[in-house]
Amino acid sequence: MLENDEDLETLGEKLYDLIYPKYTEMTAKLTGMLLELPVSVVSQMLCDEALLNKALKRALTVLTSSDNSEPVSHTDDAASVSSDSLGEQLFDLIDLYNTGHTQKITGMLLEQKKEAVLQLLSDHSLLEEQVKIALKTLQEQGDEATDVSDSSDRDEVESIGETLFSIVYQLDPTHCADITGMLLEMDSGTLKQILSDRSMLEVAVQRAKSALEGALNPTHADMSE
C-alpha cells in the first residue's frame, strides 16, 4: 500500500480532481475506494483514462450492491444474487490488481460461501489480502509447472500405450502387455513414428520379443554364448 500519508494525500487529490467532473456526488466515496488499491495501480489510473473509467465503473457497481446489501440481506431477495453476478463483480475488482491471473484467482475466491464473497466485494482491504494469498498459491503451483507438464506427458503416453497395445496384441497376443511396456520406454516422438510405420513397429516388436525371451530364459542365453 502507500508508504506515507503524504503519498496518500497527493494521489487522493489527483484522483479526486479526475473523478469530480464525472461523478460529482460520489467523488469522495469513489476516491476512497480506488485509494485502497495498490499504489502502482492507482498511479497507472492517473495516466490511463480508460483504466480509470473501468475502475470507476466497477467501484460504482460495488457501491450500488453494498448500499443495497443491508436491506436485501433480510429479505428473500438475497437468494436472487446469483453466483454469476458475484463472479462478474469479483472478476472486475480483481482485474484491477493486474496480477495476470484474474480468472484463476476469481475462481479460487468464488469457492468460498456467498456471504464471504459479498464481504470481499465491500471490503477492499480484505479482498487485497485474499488476492495476495491466492497469487502466492498460484506462484507456488507455477514452481511445480514441470510436474503439470509431466502429467500431460503421462496422459499422452497412456493414449499412445492403448493404441500400441491393440496393435501389438495382433502381432503377439501372449506377450503383448510386456512388449507394450518395453516399447513405451521409448520417447513419445519415436513411439509416434513407430505407430505411423507398420514395418518399423513390427521390427520393434520383434526386438522387444527377443529381449523378453532372453530375460525369461537366462540359462538358454548363457548357453548360446
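The values are calculated or read from the model by the stated rules, or taken from the named source; none is laboratory data. As the structure is a computational prediction, the values presented were derived from the model and not from experiment. Cβ placement follows ideal geometry from the backbone for every residue including glycine, while neighbour counts extend to all protein chains displayed. SASA here: full protein model, heavy atoms, side chains in, ligands and nucleic acids out. Shrake-Rupley method; radii C 1.70, N 1.55, O 1.52, S 1.80 Å.
Residue under question is Ala208, and the condition is that it be modelled with pLDDT of 80 or more and either open to solvent by 60 Å² or more (accessible area, probe 1.4 Å) or farther than 30 Å from Phe91 by Cα (or both); does it hold? Considered against the rule, which asks whether it is modelled with pLDDT of 80 or more and either open to solvent by 60 Å² or more (accessible area, probe 1.4 Å) or farther than 30 Å from Phe91 by Cα (or both), Ala208 comes out as yes. Criterion first (in a loop (DSSP other than H, G, I, E, B) and farther than 17 Å from Tyr97 by Cα) does Lys29 satisfy it? Considered against the rule, which asks whether it is in a loop (DSSP other than H, G, I, E, B) and farther than 17 Å from Tyr97 by Cα, Lys29 comes out as no. Is it the case, given these coordinates, that Leu30 is of a type outside the set (Phe, Trp, Tyr), open to solvent by less than 30 Å² (accessible area, probe 1.4 Å) and under 27 Å from the mean Cα position of the chain (by Cα)? It is false that Leu30 is of a type outside the set (Phe, Trp, Tyr), open to solvent by less than 30 Å² (accessible area, probe 1.4 Å) and under 27 Å from the mean Cα position of the chain (by Cα). Of the residues examined, Leu37 is not one that is at pLDDT below 85 and surrounded by fewer than 16 Cβ atoms within 10 Å (Cβ to Cβ). Tell me whether the stretch 148-160 contains one or more residues that are modelled with pLDDT of 85 or more, open to solvent by less than 60 Å² (accessible area, probe 1.4 Å) and aliphatic (A, V, I, L, M). No.
The residue of the stretch 165-202 that is nearest to Glu213 (Cα to Cα), among those that are small (Gly, Ala, Ser) and open to solvent by less than 60 Å² (accessible area, probe 1.4 Å), is Gly181. The single condition among (1) touching a residue at least 12 places away in the same chain (Cβ under 8 Å); (2) open to solvent by 60 Å² or more (accessible area, probe 1.4 Å); (3) assigned to a helix (DSSP H, G or I) that Asp17 does not satisfy is (1). Applying the criterion of at least 1 residues that are modelled with pLDDT of 75 or more, closer than 23 Å to Leu18 by Cβ and in contact with a Ser or Thr (Cβ under 9 Å, 6 or more places away or on another chain) to the helices (runs of 4 or more DSSP H) found wholly in the stretch 43-131 leaves 49-72, 83-95.
Within the stretch 132-147, if we keep just the residues that are surrounded by fewer than 13 Cβ atoms within 10 Å (Cβ to Cβ) and of a type in the set (S, T, N, Q), the residue that is modelled with the lowest pLDDT turns out to be Thr146.
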